[in-house]
Amino acid sequence: MVTLSRRIGANLHKFMALPAVILFGVFFVYPLLRGIGLSLTDWNGISAPRFIGLRNFVDFFRDDRALNDVKNTVLFALGSAPLLNIFGLLYALLLDRNFRGKSLARTIVYLPAIISPLIMGYIWYFILQPERGFLHKVLESLNVSFLGDNWLASGNTALAVLVLVNVWQYVGMTMVIYLAGLQSIPVEMFEASKIDGAGYFVTLRYVTLPLLAPAIKINVVTNIIGSLSVFEVIMALTEGGPGYSTESLSIYIMRMCYGNFTGYSTAVAIILFFIILLPVVTYLRLAKSREVEI
Amino acid sequence: MFKRILSLGTVLVLLLGVSVAQGAEKKVAIKFFTGKVETVEWMNDLIKKFHAENPGIVVEQEYQKDASNVIKVKFASGDIPDITTVWDQGFADQGKYLDLSKETRWWSRVQPSIRELCTDLRSGKQFRIATNMTMAGIFYNKKIFSELGLKEATTWEEFKNNLKKIKQKRPDVVPMFVGGKDSWMLGHLIEFMAHGAVKQKYGTMGSRKAFLNNDAEKLAFDASGGPMETFAKRILELKEEGLFNNDFLTATYDNQLEAFATGKAAVISQGMWALSGILEKNKAIKDNIGFAPYPPIMDGTKPVILSAEDSAYLIPAESKHKEEAKKFLDFLFRPENLKAYSEFLKAPSAFTDVNADWGPLKDEVAKALKKGVNIGFTTEAPPGFSGDDAGRMVQELYTGRYKTPAEFAKAYKAAWDRAWNAARR
């Protein structure tokens with residue numbers, strides 16, 4: 001009897017983990033395996049799926065629209081992820097200081113992050129819309145309305161606008177993580193640096209940034225993942241247009257899935273998974289070796 | 001003793017509660033899935049009246065903007081609606097809709113031409129029943145036309161010259177306003193102007209068969225001088241002449257209605273569904289709205305006008321509450337309800353026993369229907385190539401993605417074929 005209760009006691013943690021394991025299995029492992037299975041079929045969402053091997057993956061690399069979407073997605077991430085980190089860090093450094101209205105300033109920067117990205121996209125659409133948007137009216141009153149025209153009508157400028165809107169919305173989130181990182185650095189470190197005669201930038205370079213490494217890591221990884229899987233802001237502002245010039249891979253997956261190419265869309269989702277995994281793993285490895293150096 | 005009585009009382013109350021709840025659960029809930037945003041509120045009011053007459057049935061209306069796509073997820077996940085407004089040829093082929101052909105109490109009241117349009121070509125059955133008819137064509141501002149001495153165009157040249165004259169004489173007015181951000185409207189241009197050429201050449205049934213079977217010879221999508229190449233040429237012509245609004249690619253449906261209602265646009269391509277929106281923005285324009293067929297884009301063809309079924313209802317074959325669904329449709333199809341619906345929607349009824357005063361364009365439409373070849377929607381288009389997809393290709397055309405109209409035509413055929421082949425798996 002004692003042995004049994006000891007056994008239960010020793011294995012209790014496994015039982016406690018069981019619900020989480022079941023949930024993980026049902027909502028992550030099963031869909032993942034099912035998705036991999038479907039990616040090897042020609043399922044159109046209606047008829048029974050038929051096994052076609054790796055044809056979907058081959059088709060992806062032959063599809064101009066898909067390759068264009070990869071380019072859009074990567075360009076968006078290349079613009080968005082670094083800007084989010086740079087501005088997030090700058091805001092954090094600025095708002096970590098003591099001044100009147102600090103809390104209000106932090107709230108203002110963070111506020112867009114709690115608004116739905118879809119709503120944010122629509123708000124920006126009404127600001128940026130050529131001919132009748134708020135910005136157009138302002139520029140018109142200054143007699144420079146030509147500056148505000150057609151930003152959303154060309155693929156390249158529309159993509160740049162999308163990056164800026166995304167950065168504006170999520171910079172508060174990045175800032176909060178950097179602020180938490182800054183506040184966890186012991187004050188003694190800054191005092192010691194000051195005693196040693198280091199100025200602001202030297203302290204930033206040799207004390208603040210190295211000790212912010214965990215926050216940088218979190219922000220870089222989450223921003224890469226978020227930027228490469230971008231969906232809502234594009235749907236709200238341009239719907240991937242004009243044409244498909246700002247379509248991201250996530251939107252492509254949705255459209256293919258709904259458009260009777262369900263098996264193919266699952267294959268593209270797997271490809272997107274690897275597109276996200278590659279920079280994340282590379283960065284984590286680099287960060288790890290850097291942490292060892294520090 | 002008191003505790004025992006209290007316990008017994010509690011148990012009895014709980015049992016009573018459970019039995020009452022079970023009684024309440026006996027109500028049958030039917031799911032009505034719609035993609036028609038303009039009718040949601042009207043339908044909610046009708047549902048309230050239905051509930052009052054049928055306390056045992058609860059109708060739950062669900063609207064989705066992207067209904068034609070969302071329904072695919074619903075079918076795939078087993079969340080089957082009991083009534084829907086979404087038709088998809090692929091689902092019909094898979095037997096996903098209930099055959100309504102034998103519902104004579106309904107069909108005996110429906111105009112034969114509408115019944116024909118509701119007939120699935122592959123099976124010869126009617127899976128959907130339309131309550132209304134709709135028309136689409138060219139809406140124009142009669143006051144501007146009369147000021148400039150313009151007449152409704154019957155050829156492409158006349159149409160272009162009208163727009164050019166508006167541009168020249170009325171620089172404050174956009175000759176033709178297109179809300180190109182909402183790609184379905186650009187898809188409609190293809191649907192009515194380019195596909196319209198095929199539809200008038202082969203007639204309603206002939207063209208429906210050609211679309212259904214992807215008859216490359218008849219559709220001639222990639223043919224030199226064919227409907228797609230000519231359509232692309234026509235759009236680029238108007239663009240080069242500066243006859244569209246500057247924000248062609250970023251203006252919305254709402255912007256288009258606003259521009260037309262306020263007299264800032266002289267011509268728009270629209271259907272009757274837009275009428276209530278236009279009048280909502282400016283009631284005073286009521287007497288200035290002219291309605292004409294689309295000009296022919298190809299030489300030797302005639303103007304075309306959409307005259308098709310509208311507000312079609314279907315019952316999925318896997319619905320668990322087919323009888324209750326039919327009961328709701330019986331209620332909806334009552335003449336007084338359909339009259340109110342037509343007058344609200346500003347679209348004529350497809351039911352012969354409904355005499356609705358459906359809108360200020362009633363006489364204009366009657367005249368226009370006689371002037372142009374009447375065509376229907378391309379309901380046999382492959383499900384993976386929606387009007388939105390076609391519209392996005394027009395956006396690409398406008399941005400210069402295709403070097404020549406012929407390249408656009410080739411790309412259109414490739415996209416169509418790909419979707420058609422996927423649907424035939």
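Return only the number of the condition from (1) over 17 Å from residue B:183 (Cβ atoms); (2) modelled with pLDDT under 95; (3) open to solvent by 10 Å² or more (accessible area, probe 1.4 Å) that residue B:215 does not satisfy.
In the conditions (1) over 17 Å from residue B:183 (Cβ atoms); (2) modelled with pLDDT under 95; (3) open to solvent by 10 Å² or more (accessible area, probe 1.4 Å), residue B:215 misses (2) alone.
Results for (1) of a type in the set (Val, Ile, Thr); (2) open to solvent by 10 Å² or more (accessible area, probe 1.4 Å); (3) farther than 30 Å from residue B:290 by Cβ, shown as yes or no for each residue.
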| residue | (1), (2), (3) |
| --- | --- |
| B:303 | no, yes, no |
| B:313 | no, no, yes |
| B:319 | no, no, yes |
| B:324 | no, yes, yes |
| B:330 | no, yes, yes |
| B:341 | no, no, no |
| B:350 | no, no, no |
| B:354 | yes, yes, no |
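Determine whether segment B:372-387 contains at least one residue that is farther than 18 Å from residue B:309 by Cβ, of a type outside the set (Val, Ile, Thr), open to solvent by 40 Å² or more (accessible area, probe 1.4 Å) and at pLDDT 90 or above.
No, segment B:372-387 contains no residue that is farther than 18 Å from residue B:309 by Cβ, of a type outside the set (Val, Ile, Thr), open to solvent by 40 Å² or more (accessible area, probe 1.4 Å) and at pLDDT 90 or above.
Does residue A:240 satisfy the criteria of being modelled with pLDDT under 95 and on the phi > 0 side of the Ramachandran plot?
Judged against the criteria, residue A:240 is a match.
Rundown of residues vs (1) within 23 Å of the chain's Cα centre (by Cα); (2) under 24 Å from residue B:139 (Cα atoms); (3) of a type in the set (A, V, I, L, M, F, W, C), yes/no style:
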| position | (1), (2), (3) |
| --- | --- |
| B:220 | no, no, yes |
| B:230 | no, yes, no |
| B:252 | yes, yes, no |
| B:256 | yes, yes, no |
| B:263 | no, yes, no |
| B:283 | no, yes, no |
| B:295 | yes, yes, no |
| B:306 | yes, yes, yes |
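What about residue A:21, is it assigned to a helix (DSSP H, G or I) and either touching a Cys at 6+ places or on another chain (Cβ under 9 Å) or under 28 Å from residue A:260 (Cβ atoms) (or both)?
no
Within segment B:39-57, identify whether any single residue is under 25 Å from residue B:209 (Cβ atoms) and away from every other protein chain (no Cβ under 14 Å), and answer yes or no.
no
Could you tell me whether any residue of segment A:188-206 is more than 14 Å from every other protein chain (Cβ to nearest Cβ), under 25 Å from the mean Cα position of the chain (by Cα) and surrounded by fewer than 14 Cβ atoms within 10 Å (Cβ to Cβ)?
Within segment A:188-206 (the criterion being more than 14 Å from every other protein chain (Cβ to nearest Cβ), under 25 Å from the mean Cα position of the chain (by Cα) and surrounded by fewer than 14 Cβ atoms within 10 Å (Cβ to Cβ)), the answer is no, since none of the residues qualifies.
Out of all the residues in segment A:33-50, which are open to solvent by 80 Å² or more (accessible area, probe 1.4 Å) and assigned to a helix (DSSP H, G or I)?
Those that are open to solvent by 80 Å² or more (accessible area, probe 1.4 Å) and assigned to a helix (DSSP H, G or I): A:33, A:34.
Please count how many residues of segment B:214-250 are in a loop (DSSP other than H, G, I, E, B) and either of a type in the set (Ser, Thr, Tyr) or touching a helix residue (DSSP H, G or I) at 6+ places or on another chain (Cβ under 8 Å) (or both).
Number of matching residues: 16.
Output the residues belonging to segment B:261-276 that are out of contact with any strand residue (DSSP E or B) (no Cβ under 7 Å at 6 or more places or on another chain) and open to solvent by 20 Å² or more (accessible area, probe 1.4 Å).
Within segment B:261-276, B:262, B:276 qualify.
Based on this model, can you work out whether residue A:268 counts as out of contact with any Cys (no Cβ under 6 Å at 6 or more places or on another chain) and modelled with pLDDT of 95 or more?
When the stated conditions are applied, residue A:268 passes them.
Consider only pairs whose beta carbons are under 6 Å apart and that are at least six residues apart or on different chains; among these, list those whose first residue lies in segment A:51-66 and is farther than 25 Å from residue A:246 by Cβ and open to solvent by 40 Å² or more (accessible area, probe 1.4 Å) and whose second residue is at pLDDT 95 or above and in a helix (DSSP H, G or I).
Between residues of segment A:51-66 that are farther than 25 Å from residue A:246 by Cβ and open to solvent by 40 Å² or more (accessible area, probe 1.4 Å) and residues that are at pLDDT 95 or above and in a helix (DSSP H, G or I), there is no close pair.
Inside segment B:111-178, counting only helices (runs of 4 or more DSSP H) that do not spill past its ends, which hold 1 or more residues that are closer than 30 Å to residue B:209 by Cα and open to solvent by 10 Å² or more (accessible area, probe 1.4 Å)?
Fully inside segment B:111-178 and qualifying: B:112-117, B:156-169.
Given the conditions (1) open to solvent by 10 Å² or more (accessible area, probe 1.4 Å); (2) in a helix (DSSP H, G or I); (3) touching a Lys or Arg at 6+ places or on another chain (Cβ under 9 Å), report the number of the one that residue B:91 does not fulfil.
Unmet for residue B:91, out of (1) open to solvent by 10 Å² or more (accessible area, probe 1.4 Å); (2) in a helix (DSSP H, G or I); (3) touching a Lys or Arg at 6+ places or on another chain (Cβ under 9 Å): (1).
For segment A:194-202, state whether one or more residues are more than 22 Å from residue A:92 (Cβ to Cβ), among the aromatic types (Phe, Trp, Tyr), in a helix (DSSP H, G or I) and free of Cβ contacts under 8 Å to residues at least 12 places away in the same chain.
no
Being farther than 30 Å from residue B:420 by Cα and among the polar types (S, T, N, Q), is that true of even one residue in segment A:82-98?
Yes, segment A:82-98 contains at least one residue that is farther than 30 Å from residue B:420 by Cα and among the polar types (S, T, N, Q).
Quick check, is residue B:30 more than 18 Å from the chain's Cα centre (by Cα), modelled with pLDDT of 95 or more, under 28 Å from residue B:340 (Cα atoms) and assigned to a helix (DSSP H, G or I)?
Judged against the criteria, residue B:30 is not a match.
In segment B:388-404, is there at least one residue being surrounded by 17 or more Cβ atoms within 10 Å (Cβ to Cβ) and away from every other protein chain (no Cβ under 12 Å)?
No: zero hits.
So that you can scan it fast, the table gives a plain yes or no per residue for (1) within 14 Å of another protein chain (Cβ to nearest Cβ); (2) more than 30 Å from residue A:245 (Cβ to Cβ); (3) not β-branched (Val, Ile, Thr):
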| residue | (1), (2), (3) |
| --- | --- |
| B:305 | no, yes, no |
| B:309 | no, yes, yes |
| B:319 | no, yes, yes |
| B:328 | no, yes, yes |
| B:331 | no, yes, yes |
| B:339 | no, yes, yes |
| B:344 | no, yes, yes |
| B:366 | no, yes, yes |
| B:386 | yes, no, yes |
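Specify which of the listed residues (B:371, B:403, B:362) is closer than 20 Å to residue B:136 by Cα and without any contact (Cβ under 8 Å) to a residue 40 or more places away in the chain.
Result: B:362 is the single residue among B:371, B:403, B:362 that is closer than 20 Å to residue B:136 by Cα and without any contact (Cβ under 8 Å) to a residue 40 or more places away in the chain.
Of (1) open to solvent by 70 Å² or more (accessible area, probe 1.4 Å); (2) of a type in the set (A, V, I, L, M, F, W, C); (3) in contact with a Gly (Cβ under 9 Å, 6 or more places away or on another chain), residue A:176 satisfies all except one. Which?
Only one criterion in (1) open to solvent by 70 Å² or more (accessible area, probe 1.4 Å); (2) of a type in the set (A, V, I, L, M, F, W, C); (3) in contact with a Gly (Cβ under 9 Å, 6 or more places away or on another chain) is unmet by residue A:176, namely (1).
Evaluate segment A:159-172: report whether one residue or more is under 30 Å from residue A:230 (Cα atoms), within 14 Å of another protein chain (Cβ to nearest Cβ) and of a type in the set (S, T, N, Q).
no
Report, by residue number, each residue of segment B:64-76 that is in contact with a helix residue (DSSP H, G or I) (Cβ under 6 Å, 6 or more places away or on another chain) and surrounded by fewer than 17 Cβ atoms within 10 Å (Cβ to Cβ).
B:64
Considering only residues of segment A:248-293 that are within 9 Å of chain B (Cβ to nearest Cβ) and closer than 27 Å to residue B:179 by Cα, which is surrounded by the fewest Cβ atoms within 10 Å (Cβ to Cβ)?
Among them, the one singled out is A:254.
Give the number of residues within segment A:21-43 that are within 14 Å of chain B (Cβ to nearest Cβ), in contact (Cβ under 8 Å) with a residue 60 or more places away in the chain and out of contact with any Phe, Trp or Tyr (no Cβ under 7 Å at 6 or more places or on another chain).
Residues that pass the stated criteria total 4.
The values are calculated or read from the model by the stated rules, or taken from the named source; none is laboratory data. Since this is a predicted model, take the numbers as computed values, not measurements. With ideal geometry, Cβ positions are generated from the backbone for all residues, glycine too; neighbour counts draw on all protein chains shown. Note: accessible area is taken over every heavy atom of the protein model, side chains too, but ligands, DNA and RNA are not part of it. Shrake-Rupley method; radii C 1.70, N 1.55, O 1.52, S 1.80 Å.
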